Amino acid sequence: QVQLVESGGGLVQPGGSLRLSCATSGILFRSYVMSWYRQAPGKQRELVAGITQGGGTNYPDSVKGRFTISRGNAERTVYLQMNSLKPEDTAVYYCKADYGVRTYWGQGTQVTVSS
């Protein structure tokens with residue numbers, strides 16, 4: 001059974017930091033492209049970071065320089081370090097795993113940036 005379980009979300013003040021984790025099981029983790037997406041109320045789900053099997057990364061301009069994605073193949077976990085958080089970063093953050101036609105999603109973790 002495939003499972004992706006996100007953790008690390010919560011309430012943080014503007015300018016603060018959070019580190020999200022996505023622990024996986026049931027997949028050959030090192031073979032998968034891993035990504036983080038987010039969805040704010042009333043908005044479409046959007047990509048915030050991606051990392052290839054070899055460690056190449058990509059970010060949209062909205063988070064570039066503030067967010068860092070990394071992966072621990074031994075731990076079968078992908079991380080998202082989020083710094084200099086802004087109120088507009090408030091959303092549910094989802095982990096995604098891709099390998100060919102196989103796609104798996106986690107259940108999401110809430111991040112709220114507010115004073």
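The values are calculated or read from the model by the stated rules, or taken from the named source; none is laboratory data. From a predicted model like this one, the values you see are computed outputs, not experimental measurements. Because the Cβ atoms are built from the backbone with ideal geometry, glycine has one as well, and the counts that use them run over all protein chains shown. For the accessible areas, the whole protein counts, side chains as well, though only heavy atoms, and no ligand, DNA or RNA atoms are used. Shrake-Rupley method; radii C 1.70, N 1.55, O 1.52, S 1.80 Å.
Only residues that are of a type outside the set (A, V, I, L, M) and in contact (Cβ under 8 Å) with a residue 12 or more places away in the chain: list them for the stretch 44-61, please.
Arg45, Glu46, Gly50, Thr52, Gln53, Gly55, Thr57, Pro60
Keeping to the stretch 63-75, report how many residues are surrounded by fewer than 18 Cβ atoms within 10 Å (Cβ to Cβ), in contact (Cβ under 8 Å) with a residue 24 or more places away in the chain and in contact with a strand residue (DSSP E or B) (Cβ under 9 Å, 6 or more places away or on another chain).
Going through the stretch 63-75 one residue at a time, the tally reaches 1.
For the stretch 97-110, give me each residue that is of a type outside the set (Ser, Thr, Tyr) and either buried (at least 19 other Cβ atoms within 10 Å of the Cβ) or out of contact with any strand residue (DSSP E or B) (no Cβ under 9 Å at 6 or more places or on another chain) (or both).
Those that are of a type outside the set (Ser, Thr, Tyr) and either buried (at least 19 other Cβ atoms within 10 Å of the Cβ) or out of contact with any strand residue (DSSP E or B) (no Cβ under 9 Å at 6 or more places or on another chain) (or both): Ala97, Gly100, Val101, Arg102, Gly106.
Over 13 Å from the mean Cα position of the chain (by Cα) and not in a strand (DSSP E or B): is that true of Gln107 in this structure?
no
Residues in the stretch 46-105 that are closer than 15 Å to Ser31 by Cβ, of a type in the set (Phe, Trp, Tyr) and in contact with a Gly (Cβ under 9 Å, 6 or more places away or on another chain): how many?
Final tally of qualifying residues: 1.
Please go through the stretch 80-96 and give me each residue that is under 10 Å from the mean Cα position of the chain (by Cα) and either open to solvent by less than 10 Å² (accessible area, probe 1.4 Å) or without any contact (Cβ under 8 Å) to a residue 12 or more places away in the chain (or both), ordered by number.
Result: Leu80, Met82, Tyr93, Cys95.
Does Gly55 count as surrounded by 11 or more Cβ atoms within 10 Å (Cβ to Cβ) and not aliphatic (A, V, I, L, M)?
Spelling it out, it is not the case that Gly55 is surrounded by 11 or more Cβ atoms within 10 Å (Cβ to Cβ) and not aliphatic (A, V, I, L, M).
Is there a residue in the stretch 62-84 that is at pLDDT 95 or above and under 14 Å from Thr112 (Cβ atoms)?
Looking for residues that are at pLDDT 95 or above and under 14 Å from Thr112 (Cβ atoms), one finds at least one in the stretch 62-84, hence yes.
Does Gly56 satisfy the condition of being of a type outside the set (Ser, Thr, Tyr) and more than 10 Å from the chain's Cα centre (by Cα)?
For Gly56, the condition - of a type outside the set (Ser, Thr, Tyr) and more than 10 Å from the chain's Cα centre (by Cα) - is met.
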